[in-house]
Structure formats: structure tokens, C-alpha cells
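Encoded as C-alpha cells, the structure appears first; notes follow it.
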Amino acid sequence: MRPDYIPKDIEAAAQQRWEDQQAFRASADSPKPKYYCLSMFPYPSGKLHMGHVRNYTIGDVLSRYHRMKGQNVMQPMGWDAFGLPAENAALANNVPPAAWTYSNIEHMKQQLKSLGLGIDWSREITTCKPEYYRWEQWLFTRLFEKGIIYKKTAAVNWDPVDCTVLANEQVIDGCGWRSGAQVEKREIPMYFFRITAYADELLDGLDNLPGWPEQVKTMQRNWIGKSHGCEIEFPYDAAVGREGALKVYTTRPDTLMGATYVAVAAEHTLAAQAAGNNPKLAAFVAECMRGGTAEADVATMEKKGMDTGLFVNHPLTGERLPVWVANYVLMGYGEGAVMAVPAHDERDFEFAENHGLPVKHVVASRELLAGWEKLETALSGEGVAVSLETMDRLGMLACLTGALESLSGAPSEALIKAVNDFAVQLQSESPNTEYGTLTCSGKYNGMDFRQAFDAIAADLQAKGLGRKRTQFRLRDWGISRQRYWGCPIPVIHCPACGDVPVPDEQLPVVLPENVTITGAGSPLAKMPEFYQCACPKCGGEARRETDTMDTFVESSWYYARYASPDCATGMVDKNAAQHWLPVDQYIGGIEHAILHLLYARFFHKLMRDEGVFGDLRAAQNLDEPFSNLLTQGMVVAPTFYREDASGKKQWINPADINVATDARGRPFGATLKADGQPVIIGGTEKMSKSKNNGVDPQAIIDKYGADTARLFIMFASPPDQQLEWSDSGVEGAYRFLKRVWSFAYENNTSIGEHNGNIKHPPEKFVFDWKNISDNFKVARREIHEHLKQAHFDFDRHQFNTVIAACMKILNTIYRIHEPGLKDGECTPVWFIPQVALKSEGLSILLRLLSPITPHIAQTLWRELGYGDDILAAPWPEADEAALEQDEIELVIQVNGKLRGSLRVGKDTGKAALEQLALAHPAVQKLLAGGAAKKIVVVPGRLINIVA
RNA sequence: GCCGGGAUGGUGGAACUGGUAGACGCGCCGGACUCAAAAUCCGGUAUCUGAGAGGAUGUGGGGGUUCAAGUCCCCCUCCCGGCACCA
């Protein structure tokens, strides 16, 4: 055995061994229970980044852990190969997207292999290959025929200079990233997946996912946004142009009597109609069309609006309400129109304040009602009666003003104060968005939310001007992309037959790979050899669709494809699907919590309903694709920069920086290694090219080895938290592995001999641990306590404390020594238990470490004669007998403050404990002769004396 | 703006069900080894106060519940993720 830890050598050897043995090839034939462990596949951007390393290490740790616990693990890998960056790279470097993508895959695959991941590479899939996407096209044609896919128009970001559609990412401050031109919203026809048809199932299904983080389920529930409300129609007459009704949806029909105006989106027909003969309004509508479509931008815009001059009628009172155009009302949401109740909605209130629109309170809190009662008493004291009818019509404030004006003399000071008090109270409740009691609402006065909701809905229904409706925030999924590097949409447009899906025998519609990317429009639309075709129905001349699919489509079903990656008869082989699905553990970034994970769940149900998984009775448990989900945090690192003459920040990579610290280790400045001059320390941010704070995983692997990289990443923080990169932390991880190696080397001979004597596996050898010395008993108890803790932490995926437990075990076994004796001098009586204990401790340590740092664990397992293959070793279990203790330590508190401790027999009774605690000198001192009011005894933990 | 998270020593983090705050690392300080350095090993290290024993304070800020709060409840600040065409 070599005295030094040389990761390069042992890692290459271990990886070669796994490759030779095909150690990670998963077969459905195994009698063991299956465990399908999946990490989100990477976009092949060029090289691995730390986020990938983190993701795949977590997946590999779980895979290896479950394998050692006796499961038949399948851990596949593939490439999310379609996407925008390939087109950008093509523009920048003049390389076709296909060639760029394939070469990136080649390189990244080597990098993944060097991490020592236990991946079944025979299942590798690449989404830009026709063998993969043809099945996506196949499903599309089925769904198209079923009506799950339909066509409608939707708004996109249009760059008027480059004449191209931009992704939200490519719109910066409302302008195109390349042209700098102001982006416009433009309506174009697109294909949509009717995901809303599955909204209820997607929502309810979340209740059957106990293995998902609560926060992700909450986000998805909110995203789906099921609400119960009413659709309400506001009729208008011929004065508007023609008779009709403006339809809105609201979750607050109880506030209907407080509606003081209605607002419509710029694209709404009423807006267009009003703009027809109003140039100012037309200009405003055009202004609303400027800017991107991203919701975050729209929602943070200044709320602007303009009066159309049109009126609609309140459905219950017939009152005329003005119609406004507002930029915060979006055509794609609900009906593209809202009823505005400024008194009870934040946005409506702000808008009404800005435009001088009336505010009418119709829902009152208990406090406000009490305030109003007080005011009424004050008013009647001055002989003023408030008419309920007036109040219903005008609202409290207007009604009050009228009443005061009707006073014959000047109001008394008491009345002025009462009025002021009420006004202040009303102001503080504006807007009041809580449920409350209806007021100023005529026949609905006094009702609560539920009663008012039902009564108003019933009245609307009776008038034919509204009804209860359940609505979802979730919108149908538009999948058409006017881009080249994606899966072609398998539709042919025939002038005679309309949109015709491509028949099975003509699939796949292959994306041509040798193209030139210009950045203006899709190259496919310029390739007659691609788009010219015959109609499959009538044979006439037709045009092939040149849009491609959203790349979320590929990533919505890849997990299923892994079950039978080469299946040539369908998306997935039915038997393979029924064997491997669902995914037992899915791991990926929290940023995918909504879109990707919702789309994949949706697709799973589409495939199920299409019979892709076979007979539904046979395909049980196939309603959801991912049983357990782990969402990892991102990898962040410190940033450093200098400002150039123009004030522009020049970001400097942390690798080129020296950080100076004071005597206590506090950083007080940083300098550039190259010139020794100071740089500015920025914040800690997500590793990125733009902040130049990325650390190349390859450099870490080359310098320290994959085990160190994996160990550091798993140790630095729990998987779901963000991970802060630290070079010295990496050094620490490396130091620990060197210490493990040294321990093994130093005890190589004795442990090796011991292991040889007892024959493996070591558990078969029953050592009489009862007769070892007290020191050894303590050491052994520590080891087994740490093991127990590690086990607990493995199961809750808190790998950082698993590693802490490993470090503690190493610290313990390093100290195993009979006092005053060295190995060579030990008498046989001491020597044998000492070696046995060290051997047991190291065997536990190596097996605990093996999922995390598999190369060193495998190497030492063999070197010290535990066995040939640590993957086949049984998972260690804590020995309960080793954990037993006769005496325990209890903490003594006085008034909740720590004042001392007590060693007692483990079975000491409560009364005895109280006596012992009261007799404790620190307690005596604090009680100063007084009696304890109360004594709280928490068994095994503490005694709290309340003085 | 809306939805979801987060904040604990110089630092990454630990504290499982409300029960000894700071495990385990990193850094720093001291020591051993060395001609010296690196590496390695041993010890110390929340803050303030005290010679010391000890005392006081302390988990982003403010309030509350409890014998007891990092943990539960209410309000606030800042940071991060997502917002439907980045993946």
C-alpha cells in the first residue's frame, strides 16, 4: 500500500474497474426492489459547471446509498440538447447548432465520467436526435386529433428591427438585446397544449406526493390558482356601437355594489372600438402594446390608464360605469377585462386615486361598523338622520358629506371630531381587501362574504347577467417557437384541408442540421426543401409548419424514455415503463419548481391517457412521474471587481485574488495576485460568466481529485440550501481524505492481518465487546452513536452532517489507544481488542463514506482486506448494545437559565431528581433559602427549577 | 408587483418533536516537529466583563405565547428563486 493519498491514480483505477464490470448497468431482471434515481439532465452548454457537479453528486450519493442498502438502482443520464444557446453560439462562432451541440456533449460526457458517477451510460439519450423527438411528434399528432392541442393567437415579443420574435430573456429593459429597438407585443398564431383540461388533476395530484417538498407543492398550487368566483356581465347599449355585454371574472362578487368603473386591456374589442374615433386613446393603446410580454415587467410597470368615454351598466343597479383602458389588465388573463372596486382592491384603489375615480366602501370590518354606529349616534344627537337609501347609492363618505351640508347651523365640535375620527378610520381601511360585513349594498347589507357571494350570484343568474364559475390562473401552454434548433411541429398546412397532422409513416419530420443562422427569422422558413410538401389528405401542394416546439416539451418525458431508450415502437416500451416508473428520486434545481415539474406531470398524464404505459389496470401508480423530489440550492461564490475610468465594473475571478485578514481572521481587504493592488470586494452571488466568479470544476478535479470535489460539495451545506464556494473548504475536504488514508496506512498491517484472520465480511466475526476496557467501550459507543446519527441524516438527505459524523468517527478511531502503550508494545490482551475496534471503526467509516467518496472507499476497502468490492458490502448497522449507558448527564436550569449539571443513574426517579437538583449548590445559592415554585423534569434532558 | 424561500460566531454550517445555542469543518492564535519553511500533529477560539471562579449578553429588527423560543404566533427589513419564449 502506498503511504500517500494520490487521488489521480486510485480514481482512474476505480473507474476502470466499474467500467470493466459494467457495475452500474441496470437490468429489470434483478430480484431486488428497483430504485430509479434521476438527476435533471443538463443542457450541453460547453462544459460542466458547479451546479451540475452538485446536482449529479447528490444523485450519485443517493444512488450508491440505495444500492448498498440492497436496491436495484437505475441512474441514467442524457442531454437536453435543443435550445436557444446553440443558435446564439452559431451566430457568434459561425458553427452549426448541431455540430456545436454534439461536440459539447462529447466533452461534458468525459467530465461526468471523471466525477466517478455510477451512471448507466447504455441508457444515454440526446433529445436533438430524430430517434428521440420522433416520438414527441407522434404524441403531438395524437393530441392534435384529440383536441388536446389547438391553435390560437398569443402575444410575443417582436423586435421590429431584427424582424424576429424574442425570448423574454432577450428583452432587456423593454428593448431587443441585439438591435436595442423597443420591443412590441405582437399577436401570432400558435399551437397550445390544453393543460387547463388537466388543471384539477394536476392540483389534486399534489396531495398524493408526500415525497415532494411542501414549498414546491405550494408554489404549484398557487400557480394553478384554482379560484371560485363569478363571471359578471355589464351590458352596454347601442351608444357603444352595438349592443352587448362586457364580461368580467371576479373572486369577489360580494363587492359588486362597490364597483365604480370597469377596466379593459388595450387589446380588448371595446378599447379598439373607442380608439377608432379617438386619436389620443389610439396612441395610448399603441403605447400599451409597447414593451415585452413578461409578467414581471408588466406587473411592475407604472399603472396607466385612459377613459374611453364609453359606459356600461351595472348589472344589478343599472348605474352607468365608465370604461377605462388600463395597462395592468392583460388580454391573456381571464376575460381581458375587470370590474374595479377601488375600496377593496389594491390595484384598483391605486388606479382610482391616480385618476380621480370614486371609491365606494361596501365591505366593513367590525371596527368600522362600530365607528359608523358611534357616528350615527352623534349625528342623530344633532338632529341629522342618515338615509339608508342614499347611503346604498352613494356610499358612506358621500352620504356623510351630504348630511353635514344639510345641517341648519354650524356643526358642534363633538360632531366634527366624530366625523374626523370616522374619516381617519375609513382612510386607514382603504383599501380593505379582507372579508367583512356588507354595507351600503342595499338588500345585501349585513351579509357576510359567503351569504353575499351566493345572493349576488343568484340574482345575477336570474337576470342572465352572470353565474358562479370556477377559474384557474393556469393558462394553456403555448409551444410554438419561431426558432430553428428545436423539434419540428409535425403539421402540414393545406389550402384545402387546413391543418393536417403528419401521418405516422412520415414521421419523424427531421430537422435539417446543415443550416446557416442569421438571427433574423427561422432558417426553416427559408428552406423550400423543408417546407414544400404534399398534403397527406388530398395530395395537393401544401406547406409544412416551420415553427419548432418549446424545449420544455423534450424535458417533459425524457425520464420515461430512459426506461427503454432504444425503443423503436413507441415513446417507451410498456413493460419497461411499468417496471421502472415512476422515478423514485428526482433531483434538480429549485428554479424548476413550477414550469418544468408541472409540464412533466402534465405530460405524464397525457402519456398515461394515450395508453403509452399500457393497460391502466396494469399500470398502477402511474399517475405521477416523480415520487420523491429533492430541490437543490444554487452554487454561489464571492465577487471581486475594479472600476475602470468610465465607472464600468471589471469583474475579477476569485482565483486571481488574495484576501487579507486581520489577527482574528476577519477579511479586511483583497488584492489582485498579479499586481498586488487592491480590488473591491463585491457580494456573494450565483456563479456566473457575467460576474466572473465561476470556479471550474475541472480544475478542482485535476488538482484534488473527484472525491475531494464531491466531499466538499456535500459537506459545505445541505442540498436544498445555497452552497457557498470556498477554496479553503476544499483544502479541508482534501485534508480529511488524506487523514483517512494515513490512518489506513498506519494500521494497514494490523487491520489487514485482523481482517484476514476473521474472514470477511467482518460482521460475521462476533467479537466479545462486553469484556473490553472502559476506554474502549466509550470509543465504541461514540462510533456507533455517530453511525446512528449518520444513518438518520442519510435518510433525511442531510449529507453535510453525515460527513461530520464520518469526521467524528475518524477522530475517535485515531485516539483508540490503551494509555501508555503503542501498537508494537501492546500486550496481546490489549492489542487484539484495539485492532478489532479500529478495524470495525474503519469499516463503518469506509462504508459511510463510499456513496460520497467512492474511489477512496473502494480502494481502502480492498487494500485493508475487507473485501473486493465495497459496492457489495452490507450497509453498517449500529449495535444497540454499544449504545447503552449506565449514567447520564442532566442539565440543571433555574428559571430557564443553565446553572449546572448532574450525573445520575439512568433510571433515577423523578422525585429523586428533584431532590438532587434542589441540593445542587448553584440552585441553593439562587433560591437563597426560598422555595421552588415549580420543578419541570424533562427525562434524559434537564431539570428546570422555577424560583 | 405577485407566489415561494432564506437570515445563527471572523466564516460554511449544526442543534431531529419547543428542552445544554455554536457539533463538524474553515480561518485565526499558541505549541510540537524542523537549521528553516511547507506538510503534519497537539491545544485554544461567540461577545462583553472579570486576575480567576464567575457574571451578563447573544440566533436579521420589533412585539407576543411558554417553566423554557434559533425552533411557535403577529408585524417589519434585507437577500435569493420563479413569474408562462433561458434552461
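Which of the residues spanning region A:156-176 are more than 9 Å from RNA strand B (Cβ to nearest atom) and under 21 Å from A:P189 (Cβ atoms)? Once the filter is applied, which keeps residues that are more than 9 Å from RNA strand B (Cβ to nearest atom) and under 21 Å from A:P189 (Cβ atoms), region A:156-176 yields A:W158, A:D159, A:P160, A:D162, A:C163, A:T164.
For region A:175-223, filtering for residues that are among the β-branched types (V, I, T) and within 17 Å of the chain's Cα centre (by Cα) leaves 2. Scanning region A:685-714 for residues that are over 28 Å from the mean Cα position of the chain (by Cα) and among the basic types (K, R) gives a single hit, A:K703.
Screening A:Y191, A:Y249 for residues that are aromatic (F, W, Y) and closer than 26 Å to A:G464 by Cβ leaves exactly one candidate, A:Y249. Looking at A:F552, is it in a loop (DSSP other than H, G, I, E, B) and either of a type outside the set (S, T, Y) or at pLDDT 95 or above (or both)? Spelling it out, A:F552 is indeed in a loop (DSSP other than H, G, I, E, B) and either of a type outside the set (S, T, Y) or at pLDDT 95 or above (or both).
The condition of being within 15 Å of RNA strand B (Cβ to nearest atom), among the β-branched types (V, I, T) and in contact with a helix residue (DSSP H, G or I) (Cβ under 7 Å, 6 or more places away or on another chain) holds for A:V695.
Applying the criterion of being of a type in the set (S, T, Y) and crowded, with 24+ Cβ neighbours inside 10 Å to the residues of region A:57-85, the residue that is farthest from A:L112 (Cα to Cα) is A:S63. Residues of region A:115-140 being crowded, with 19+ Cβ neighbours inside 10 Å and either within 16 Å of RNA strand B (Cβ to nearest atom) or among the hydroxyl-bearing types (S, T, Y) (or both), which ones? Matches in region A:115-140: A:I125, A:T126, A:T127, A:C128, A:Y132, A:Y133, A:E136, A:F140.
Answer yes if at least one residue in region A:858-876 is of a type outside the set (F, W, Y), touching a strand residue (DSSP E or B) at 6+ places or on another chain (Cβ under 7 Å) and either modelled with pLDDT of 95 or more or at negative phi (or both), and no otherwise. Quick ask: steps written out before the conclusion?
The initial filter retains those residues of region A:858-876 that are of a type outside the set (F, W, Y), namely A:858-860, A:862-865, A:867-874, A:876.
Applying the additional criterion that residues be touching a strand residue (DSSP E or B) at 6+ places or on another chain (Cβ under 7 Å) yields none.
No: zero hits.
If I ask for residues that are among the small types (G, A, S) and either on the phi < 0 side of the Ramachandran plot or free of Cβ contacts under 8 Å to residues at least 60 places away in the same chain (or both), which ones from region A:514-528 would you list? Selection gives A:A520, A:S522, A:A525. For region A:525-541, the condition of being under 32 Å from the mean Cα position of the chain (by Cα) and either within 16 Å of RNA strand B (Cβ to nearest atom) or closer than 27 Å to A:W79 by Cβ (or both) holds for none of the residues.
A single member of A:A542, A:A577 is small (G, A, S), over 30 Å from A:D159 (Cβ atoms) and in contact (Cβ under 8 Å) with a residue 12 or more places away in the chain, and it is A:A577. Exactly one residue among A:I148, A:I195 is within 11 Å of RNA strand B (Cβ to nearest atom), crowded, with 19+ Cβ neighbours inside 10 Å and either modelled with pLDDT of 95 or more or among the charged types (D, E, K, R) (or both), and that residue is A:I195.
Here is the figure for region A:570-602: residues that are within 14 Å of RNA strand B (Cβ to nearest atom) and assigned to a helix (DSSP H, G or I) total 11.
Looking at A:V338, A:V362, A:V323, just one residue is more than 15 Å from RNA strand B (Cβ to nearest atom), closer than 25 Å to A:R242 by Cα, in contact with a strand residue (DSSP E or B) (Cβ under 7 Å, 6 or more places away or on another chain) and not aromatic (F, W, Y), and that residue is A:V323. Mind checking whether some residue in region A:846-867 is without any contact (Cβ under 8 Å) to a residue 24 or more places away in the chain, over 17 Å from A:T749 (Cβ atoms) and out of contact with any Asp or Glu (no Cβ under 8 Å at 6 or more places or on another chain)? Yes. In region A:117-174, the qualifying residues are those that are in a loop (DSSP other than H, G, I, E, B) and of a type in the set (D, E), and the one that is farthest from the chain's Cα centre (by Cα) is A:D162.
Kindly provide the set of residues from region A:134-154 that are charged (D, E, K, R), farther than 12 Å from A:C487 by Cα and in contact (Cβ under 8 Å) with a residue 40 or more places away in the chain, ordered by number.
Correct list: A:R142, A:E145, A:K151, A:K152.
What's the total number of residues in region A:902-927 that are over 18 Å from A:A947 (Cα atoms) and in a helix (DSSP H, G or I)?
Matching residues across region A:902-927 total 2.
Tallying residues that are loosely packed, with under 15 Cβ neighbours inside 10 Å and under 17 Å from A:C399 (Cβ atoms) within region A:419-445 yields 3. Can you tell me which of (1) within 20 Å of A:Q111 (Cβ to Cβ); (2) in contact (Cβ under 8 Å) with a residue 24 or more places away in the chain; (3) more than 8 Å from RNA strand B (Cβ to nearest atom); (4) not charged (D, E, K, R) is the one A:A733 doesn't meet? So A:A733 meets the others, but not (3).
Of all the helices (runs of 4 or more DSSP H) wholly in region A:1-105, which have at least 1 residues that are within 30 Å of A:R134 (Cβ to Cβ), within 14 Å of RNA strand B (Cβ to nearest atom) and without any contact (Cβ under 8 Å) to a residue 60 or more places away in the chain? So the answer is A:84-93. Go through (1) within 16 Å of RNA strand B (Cβ to nearest atom); (2) exposed (fewer than 14 other Cβ atoms within 10 Å of the Cβ) one by one and return the number of the condition A:A238 breaks. All conditions pass for A:A238, except number (1). Here A:Y249 meets each of (1) in contact with a Cys (Cβ under 8 Å, 6 or more places away or on another chain); (2) away from RNA strand B (no atom under 15 Å from the Cβ) with one exception, condition (2). The sole residue among A:A263, A:A274 that is within 16 Å of RNA strand B (Cβ to nearest atom), on the phi < 0 side of the Ramachandran plot and over 32 Å from the mean Cα position of the chain (by Cα) is A:A263. Put simply, of A:G905, A:G909, A:G896, A:G940 the only residue that is closer than 30 Å to A:K770 by Cα and near RNA strand B (Cβ under 9 Å from one of its atoms) is A:G940.
Here's a check for you: in region A:688-702, which residue that is under 24 Å from A:L737 (Cβ atoms) and in contact with a Phe, Trp or Tyr (Cβ under 9 Å, 6 or more places away or on another chain) is modelled with the lowest pLDDT? It would help to see each step written out before you state the result.
Residues of region A:688-702 that are under 24 Å from A:L737 (Cβ atoms), as a first pass: A:695-702.
Now narrow it down to the ones that are in contact with a Phe, Trp or Tyr (Cβ under 9 Å, 6 or more places away or on another chain): A:695, A:700.
On the way: A:V695: 86, A:I700: 93.
So, considering only residues that are under 24 Å from A:L737 (Cβ atoms) and in contact with a Phe, Trp or Tyr (Cβ under 9 Å, 6 or more places away or on another chain), the one modelled with the lowest pLDDT is A:V695.
The values are calculated or read from the model by the stated rules, or taken from the named source; none is laboratory data. None of the values given here were measured: they were computed from a predicted structure. Quick reminder, even Gly has a Cβ in these numbers, built from the backbone with ideal geometry, and neighbours come from all protein chains shown.
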